[in-house]
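Read the structure below first, then the notes.
No value in this document is a laboratory result; all are computed from the given coordinates. Nothing here was measured: the structure is a model prediction, and the numbers come from that model. As a convention, Cβ positions derive from the backbone with ideal geometry for all residues, glycine included, and neighbour counts pool all protein chains shown.
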Amino acid sequence: MKKLFFTLFFLTVIFSAIAQNPTCDGNRYKNFAFGAIDSTINVQYGQNYTMNNVLDTLLMDIYQPKSDVATKRPLIIIIHGGGFTSGTKEFYSSLCRYFAYKGFVTATINYRLIDVPLVDSLTITEAMIKAMSDAKAAIRFFVEDAATNNTYKIDTNNIFLEGGSAGAMTASQVAYLDSSDNISTYIMNLIMANGGFKGNSSTNTSYSTPIKGVISYSGALWRKEWISPGEPALFCAHDDLDTIVPCNYGLSKAQPFAVYFYGSCAMQQEADLKGVYNIIYINNSSSGHMAYFGPPAIKDTLLQKTSNYLYDIICNNILSIKNDQRNIDSKIQLYPNPAKDRLTVQLSDFDFSKKIKLTIVNTQGQTIKQILIYDSLTNIKLDNIASGVYFYQLQNNDAILKTGKIIIV
């Protein structure tokens, strides 16, 4: 199957997004595509010293879809919360399993926690920077494996960081804080004391730490301006009246001393300003921190929105606000699918003075049918096309409006 899709890529660039992601079948990543998973517990990915100078062995648990034949799979590394003082990787084992059933490789990591008296915000800052170093070591573990043993069959172009609360803060800082940002002296000093921007929690620092997107559940940034154009996509979820991590810029009540954060609402506004593709889910609650994980219906809605966000990035190649197809997709319908003798193309609010063309190709990249669309409702005969799987593209002049798969029976 991999060879088939890569052949399609080289024969026709119009379906490059599909070709680059042969696992995108319209079901995997969105829905539960596997009936069982495999787990590997307590895999060491690095080690480093805590604030109290105790050598800490860094461990992760890894979950994979059972009997998966795909040779490159997207990876989600999940980082637990706990205010940088508590929590373990096991807290998010159920979340790892959830996404593994959908076809992802997932890992939940332990990282170094504060083991000295918590007296001021500088201690929190140092703990976050140490957690960032550990998270980068976890990413490198998989990147090195993909380049050598390839045990986990990771697609290093599709690595995502996910976390809750302190874990989400860590994920966001890893994704958006780099040497090109305007960084306060005290933060820069802590970064340099902890191995610089690569961190020092593993020795394989020659490997990169690529991140495609962030999933931030009630997370925050120290500085919203660290989000820059072209940086990883962002999914945020937040309770609107959260006082532990405010959704906008505000004071956290988690500690007896002053700590200010730029929460999800501020991050989303900055991402919009910088053209970074982002989704935000706000839970209207009178109080609570990560309260959306309580009621099953709200939790299910949130996790499905997270899955859709991941699917859009992996399978629809949405990387920025400019190529966000959500509004266009809502105006395009092709039905029925599977189709038999006829396919209907329905378009809303399109300028038909511009040439709109539908192209259908087979799995070898050969053009089977090509037709110009002049109206909002067009019926296309399929009676001379053999049963099978095909791919389509709708194109407006030089702009690709939508690509997808058609099954003809």
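Computed from the C-beta positions of Gln269 and Ser121 and an R0 of 22 Å, the FRET efficiency is 0.40 to the nearest 0.05.
Under 5 Å from the amide H of Asn283 lie the amide H atoms of His238, Asp239, Asp240, each residue being 5 or more positions distant or on a separate chain, with H modelled from the backbone and absent for Pro and chain starts. Overall shape of the chain was characterised from the C-alpha gyration tensor. The equivalent ellipsoid obtained from it has semi-axes of 42, 23, 19 Å, in decreasing order. The calculated pair-distance distribution of the stretch 219-333 uses every alpha carbon pair, bins of 5 angstrom beginning at 0, and gives 2, 12, 18, 20, 19, 15, 9, 3, 1, 0, 0 percent. With respect to the chain, whose longest principal axis is taken over its alpha-carbon atoms, helix 166-176 is tilted by about 60°.
For a quick check: sort Tyr45, Tyr311, Tyr335 by the number of other beta carbons within 10 angstrom, fewest at the front. List each step's numbers first, then the result.
Details: Tyr45 26, Tyr311 22, Tyr335 10.
Going from sparsest to densest Cβ surroundings: Tyr335, Tyr311, Tyr45.
Less than 14 Å apart at the alpha-carbon level, and either on another chain or at least 8 residues along: which aspartates and glutamates does that give for Lys381? Output for Lys381: Asp341.
A simple spin-label model places pseudo-atoms 7 Å from Cα toward Cβ; at Ser179 and Val43 they are separated by 3.0 nm. Counting beta carbons within 10 Å around each of Ser93, Ser172, Ser165 and listing the fewest first gives the order Ser93, Ser165, Ser172.
Would you compute, from DSSP H runs of 4+ residues alone, the mean residue ellipticity of the chain at 222 nm, taking -39500 (n - 2.57) per run and dividing by the full residue count, rounded to the nearest 500? Could you put the intermediate results ahead of the total?
On the way: 9 runs with 107 residues, N = 409.
Counting only the DSSP helices, I get -8000 deg cm²/dmol.
Each Cα pair of the stretch 327-408 feeds into the Kirkwood radius, which the Stokes-Einstein equation turns, at 25 °C and 0.890 mPa s, into a diffusion coefficient of 190 µm²/s. For the stretch 198-258, chymotrypsin sites (Phe, Trp or Tyr not before Pro) are listed when DSSP marks them as loop and at most 15 other Cβ atoms sit within 10 Å of their Cβ; the list is Phe257.
In this simple spin-label approximation, Ala258 and Asp25 carry label points 7 Å from Cα along the Cα→Cβ vector, and these lie 5.7 nm apart.
Under 5 Å between amide hydrogens, built in the peptide plane, is the criterion, and for Ile215 it picks out Leu161, Glu162, Gly163, Phe235 among residues at least 5 positions away or on other chains. Using a simple spin-label model with pseudo-atoms 7 Å out from Cα toward Cβ, Met188 and Ser94 lie 4.5 nm apart.
Measuring between alpha carbons in the structure, the pairs from Lys66/Lys102; Lys102/Lys305; Lys136/Lys274; Lys30/Lys305; Lys212/Lys402; Lys30/Lys405 lying more than 18 angstrom apart are Lys136/Lys274; Lys212/Lys402.
Sort 148-160, 268-280 for me by packing, meaning the mean count of neighbouring Cβ atoms within 10 Å per residue, highest on top. Walk me through the intermediate numbers first.
Details: 148-160: 16.9, 268-280: 20.0.
In decreasing order of mean packing, 148-160, 268-280 become 268-280, 148-160.
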